[in-house]
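Take a look at the structure below.
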There are 2 protein chains.
Amino acid sequence: MEDKNLNENLEDVEELLDTVDTEGKCADESTEESSENIKEMLSKKEAECEEYLDLLKRTKAEYDNFRKRTQKEKEGLFDEGFRTSIEKIIPVLDNLERALEHSDEEGALKEGLEMILKMFKDILEKEGVSLIPSKGEKFDPNLHNAVMHIDDDAYGDNEVVEVLLEGYTYKDKVIRHSMVKVAN
Amino acid sequence: MEDKNLNENLEDVEELLDTVDTEGKCADESTEESSENIKEMLSKKEAECEEYLDLLKRTKAEYDNFRKRTQKEKEGLFDEGFRTSIEKIIPVLDNLERALEHSDEEGALKEGLEMILKMFKDILEKEGVSLIPSKGEKFDPNLHNAVMHIDDDAYGDNEVVEVLLEGYTYKDKVIRHSMVKVAN
């Protein structure tokens with residue numbers, strides 16, 4: 001809606017400027033005019049003035065709004081690109097973790113893999129990607145996605161008892177909710 | 001420089017609007033005026049009109065420029081965020097590749113790792129991240145970073161004979177140059 005007003009306003013300005021260009025500037029070429037004529041011209045000029053001033057105010061206000069809005073949008077866009085990329089790549093991290101968890105082999109490959117996994121997590125953390133605290137926390141629908149449920153008095157109300165898939169945030173925005181099992 | 005003009009212009013508009021607000025709208029409250037006075041008022045009004053129109057034109061032109069420039073900047077920002085993220089994470093890919101290359105162990109872990117590596121590369125490719133063609137290509141300083149050199153007639157002039165570290169592009173912009181050995 002804001003954009004519509006903006007465009008309408010700019011169209012008004014275009015039209016006005018077109019009119020001025022074709023009609024030539026004001027009625028400056030007056031020779032000798034009667035007092036009545038001059039009064040009439042003054043009255044027209046005043047109306048023209050009002051119109052320009054009104055458009056000038058509106059154009060300026062919309063320009064200001066546009067600049068403010070744009071600045072906010074720009075700040076968000078870089079982060080959105082960054083977040084989108086992490087979202088695509090997180091499954092690689094999931095699979096590396098799973099491969100290590102499920103392997104009972106020992107050797108240089110496993111050791112190397114553990115180092116790579118640590119490096120991966122360190123990079124993410126340094127760039128502002130955080131693991132969502134889940135296990136033992138109170139269930140929070142903004143961060144957790146409850147996919148299983150148990151009744152067990154050993155746990156508190158709505159306590160997250162198991163994490164099926166880790167979730168992550170980037171600069172306080174959720175990249176992916178953690179998938180959890182919730183008690184009671 | 002553009003921004004300076006823009007700000008100056010907006011300051012002009014601010015000043016002008018301030019003047020109007022404090023002085024009140026035009027000299028509309030004229031009672032009976034002499035013909036001379038009216039002529040003078042008309043002349044002032046005409047000057048005022050010109051000033052508004054001039055500012056209106058300039059404000060509109062700068063607004064238009066700002067909108068065009070902003071649109072381009074916004075398009076680039078998402079990609080820049082995406083590219084920055086990939087740049088940080090690429091070393092994880094390097095290390096996974098190295099770990100696999102150097103390992104002579106066989107087993108489920110290695111097989112799993114090979115699948116994860118393939119998945120990683122597939123995700124990157126799908127998202128627009130491409131491996132820079134290097135080995136066998138003619139050296140291109142826009143894509144390759146020559147860190148070693150050999151003289152060997154078995155190769156062509158400036159042929160890349162070995163890749164020490166793979167390079168990547170995202171949407172035709174280099175994320176990282178490939179580090180190469182160049183012949184002749």
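The values are calculated or read from the model by the stated rules, or taken from the named source; none is laboratory data. Note that the coordinates shown come from a computational prediction; the quantities given were computed from them, not determined experimentally. Quick reminder, even Gly has a Cβ in these numbers, built from the backbone with ideal geometry, and neighbours come from all protein chains shown. All accessible areas refer to the heavy atoms of the entire protein, side chains included, with ligands and DNA or RNA removed. Shrake-Rupley method; radii C 1.70, N 1.55, O 1.52, S 1.80 Å.
Residues of the stretch A:70-82 that are within 8 Å of chain B (Cβ to nearest Cβ) and either closer than 18 Å to B:GLU15 by Cβ or without any contact (Cβ under 8 Å) to a residue 24 or more places away in the chain (or both): A:THR70, A:GLU73, A:LYS74, A:LEU77, A:PHE78, A:GLU80, A:GLY81.
Which of the following residues is within 29 Å of A:ASN95 (Cβ to Cβ) and in contact (Cβ under 8 Å) with a residue 24 or more places away in the chain: B:ASP94, B:ASP157? Give the steps one after another, and end with the answer.
On the way: B:ASP157 fails: within 29 Å of A:ASN95 (Cβ to Cβ).
Every option except B:ASP94 fails the conditions.
Would you pick out the residues in the stretch A:92-126 that are more than 7 Å from every other protein chain (Cβ to nearest Cβ) and within 20 Å of A:VAL174 (Cβ to Cβ)? Working first, answer last.
As a first pass, look at the stretch A:92-126 and keep what is more than 7 Å from every other protein chain (Cβ to nearest Cβ): A:93-94, A:97-98, A:100-102, A:104, A:106, A:111, A:114-115, A:117-118, A:121-122, A:124-126.
The answer is A:LEU93, A:ASP94, A:GLU97, A:LYS121, A:LEU124, A:GLU125, A:LYS126.
Within this structure, B:ASN95 passes the test of being surrounded by 15 or more Cβ atoms within 10 Å (Cβ to Cβ) and polar (S, T, N, Q). With respect to being touching a residue at least 60 places away in the same chain (Cβ under 8 Å) and not assigned by TED's automatic domain parsing to the domain that holds B:GLY167, B:ARG67 falls outside the description. Among the residues of the stretch B:99-117, is there at least one that is within 26 Å of the chain's Cα centre (by Cα), surrounded by 13 or more Cβ atoms within 10 Å (Cβ to Cβ) and of a type outside the set (A, V, I, L, M)? Checking the stretch B:99-117: not a single residue is within 26 Å of the chain's Cα centre (by Cα), surrounded by 13 or more Cβ atoms within 10 Å (Cβ to Cβ) and of a type outside the set (A, V, I, L, M).
Selection of the stretch B:124-182 for residues being in contact with a strand residue (DSSP E or B) (Cβ under 6 Å, 6 or more places away or on another chain), outside any strand (DSSP E or B), within 22 Å of B:ARG98 (Cα to Cα) and of a type in the set (Asp, Glu) yields only B:GLU166. Out of the residues in the stretch A:41-64 that are of a type outside the set (Ser, Thr, Tyr), within 7 Å of another protein chain (Cβ to nearest Cβ) and within 41 Å of the chain's Cα centre (by Cα), which is surrounded by the fewest Cβ atoms within 10 Å (Cβ to Cβ)? Restricting to residues being of a type outside the set (Ser, Thr, Tyr), within 7 Å of another protein chain (Cβ to nearest Cβ) and within 41 Å of the chain's Cα centre (by Cα), the top hit is A:LYS57.
No other residue among B:ILE86, B:ILE123 is outside the structural domain of B:VAL182 (by TED's automatic domain parsing) and crowded, with 18+ Cβ neighbours inside 10 Å apart from B:ILE86.
For the stretch A:143-157, filtering for residues that are open to solvent by less than 90 Å² (accessible area, probe 1.4 Å), closer than 14 Å to A:MET179 by Cα and of a type outside the set (A, V, I, L, M, F, W, C) leaves 2.
The combined condition, being without any contact (Cβ under 8 Å) to a residue 12 or more places away in the chain and not acidic (Asp, Glu), is not fulfilled by A:LEU117.
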